[in-house]
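K.L.:
Below is one structure. I have some questions about it.
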Amino acid sequence: MKHVLSMTDLSKEDILDILETGEDLKEKRIKGKVTDLLKNKSLAMIFEKSSTRTRVSFEVAMSDMGGHSLYLNQRDMQIGRGETVADTAKVLSGYVAAITARVNSHSTVEELAEHATVPVINALSDKEHPCQILADLLTIKEYKSTLEGRKLTWVGDGNNVCNSMILGCAMVGMEIAVACPDGYEPDDDIVSMAREMGGKVEILRDPIEASTDADVLYTDVWISMGDEGERDKRLSDLADYQINSNLLDVAKNDVIVMHCLPAHRGEEISAEVMDGTHSVVFDQAENRLHAQKALILKLIG
Ligand code: CP
Ligand code: NVA
């Protein structure tokens, strides 16, 4: 049994395998071929925060493969009335084949994993968002054919998605440049871990310098779930870190623009670029489904 709380819970081989299976499952779905690889298996999905893509892609992944998913909003669970995370993990393990959880604090997925006897998947925490990065790598592979040696530039807040992207890039041999203002850097331990794995990680202040010759430009919201109280400060601090045509001009001619979504046009990305010809954001969103199917199969198939 394996938990996936961080990108580093997967090996490079696991990641490449998931991408290959994801591509295969995508092709099968397009051809209308159904699989029942998860017949009679259930996935519990605990959500402490909002979600469109993660929730729907996990639910559809399970139903496409003949399994079942249970959306568990913490407000409706006994956990919201004081039942412990440990007891919840033990109880759910008696019913389902795996648990996925979107949590406020990373320690909650760690606690679930400590007490569950089935695999636990991090569906976003304040620290990481590994499921997103699997879909992103699948998308980059589709558009660029190869991952190794590609340069991804992250522009904006060095947040949970950025942390997982730094690890993901290091693991598959991609270079990453992060352009962020002072105080918005990704976590130090993540950057150190990526560098120890041999990853090329640059943390820069100038978005133009960081975006030069990029194969991929990537951004995420300036105000993540939980950061709402800092809205005005964040809008002001991050104002110069928008993906717009100035950055496209210095990136490679065939650069792709990515965003994990939801997007705020006019904040972290200009409307022109978000809806322009370099943007692959909706393919990227679709790939959440295919990559997660491959991940679930790896864990409980
Ligand atoms: N990218 C992502 O995780 O989207 P949701 O918050 O809609 O799940
Ligand atoms: N960084 C964002 C990602 C949303 C998918 C957040 O945590 O809200």
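Read the figures in this text as sums done on the coordinates, not as results from a lab. The model shown is predicted, which means the values in this text are computed figures rather than measured ones. Note that each Cβ is placed from the backbone with ideal geometry, even for glycine, and that neighbours are counted across all protein chains shown.
K.L.:
May I ask you to sort Y241, Y95, Y71 by Cβ crowding, counting other Cβ atoms within 10 Å and putting the fewest first?
P.N.:
Y95, Y71, Y241
K.L.:
Just from the alpha-carbon atoms, what are the Rg and Dmax of region 132-284 in angstroms?
P.N.:
14.0, 41
K.L.:
Here is a follow-up. What lysines sit close enough to K90 to cross-link, taking a C-alpha to C-alpha distance under 28 Å and skipping anything fewer than 8 places away on the same chain?
P.N.:
K2, K39, K41, K49, K127, K293, K298
K.L.:
Between D275 and V56, what FRET efficiency comes out of the Förster formula 1/(1 + (r/R0)^6) with R0 = 25 Å and r the beta carbon distance, rounded to 0.05?
P.N.:
0.70
K.L.:
Give me L299, L124 ranked fewest to most by other Cβ atoms within 10 Å of their Cβ, as a rough exposure proxy.
P.N.:
Ascending Cβ contact count within 10 Å gives the list L299, L124.
K.L.:
Given DSSP loops and a limit of at most 11 other Cβ atoms within 10 Å, what is the longest stretch of the chain that contains no such trypsin sites (Lys or Arg not before Pro)?
P.N.:
Within the chain, the longest run free of exposed trypsin sites (Lys or Arg not before Pro) spans 40-301.
K.L.:
Give me T54, T100, T212 sorted ascending by neighbouring Cβ count inside 10 Å, so fewest comes first.
P.N.:
Fewest to most other Cβ atoms nearby, the residues stand as T212, T54, T100.
K.L.:
Can I ask one more? Using modelled amide H (1.01 Å from N, peptide plane; none on Pro or chain starts), what sits under 5 Å from the amide H of H68, excluding residues fewer than 5 places away?
P.N.:
When sequence neighbours closer than 5 places are left aside, the close amide H contacts are K41, S42, L43.
K.L.:
Through the Karplus equation 6.51 cos²θ - 1.76 cosθ + 1.60, θ set to phi - 60°, convert the phi angles of region 200-213 into ³J(HN,Hα) values in whole Hz; use x for Gly and Pro.
P.N.:
So the J values, rounded to whole Hz, are 8, 10, 10, 10, 10, 9, 8, x, 5, 4, 5, 7, 4, 6.
K.L.:
Next up: Any idea what the relative contact order of the chain is, in percent, if you count C-alpha pairs under 8 Å spaced at least 6 apart?
P.N.:
20
K.L.:
Whose amide H sits under 5 Å from the amide H of I121, counting only residues 5 or more places off or on another chain, with H placed in the peptide plane?
P.N.:
V4, I99, T100, A101
K.L.:
In deg cm²/dmol, rounded to 500, what helix-only [θ] at 222 nm does the chain give when every DSSP H run of at least 4 residues adds -39500 (n - 2.57) and the total is split over its residues?
P.N.:
So the calculated ellipticity at 222 nm is -13000 deg cm²/dmol.
K.L.:
Shifting gears a bit: Can you tell me how much longer the chain between R205 and Q78 gets when fully stretched, taken as 0.36 nm per residue apart minus their C-alpha distance, in nm with one decimal?
P.N.:
41.2 nm is the gain from fully extending R205 to Q78.
K.L.:
Along the principal axes of its C-alpha atoms, what lengths does the chain span, in descending order and rounded to whole Å?
P.N.:
Projected onto the principal axes, the Cα atoms of the chain cover 53, 45, 36 Å.
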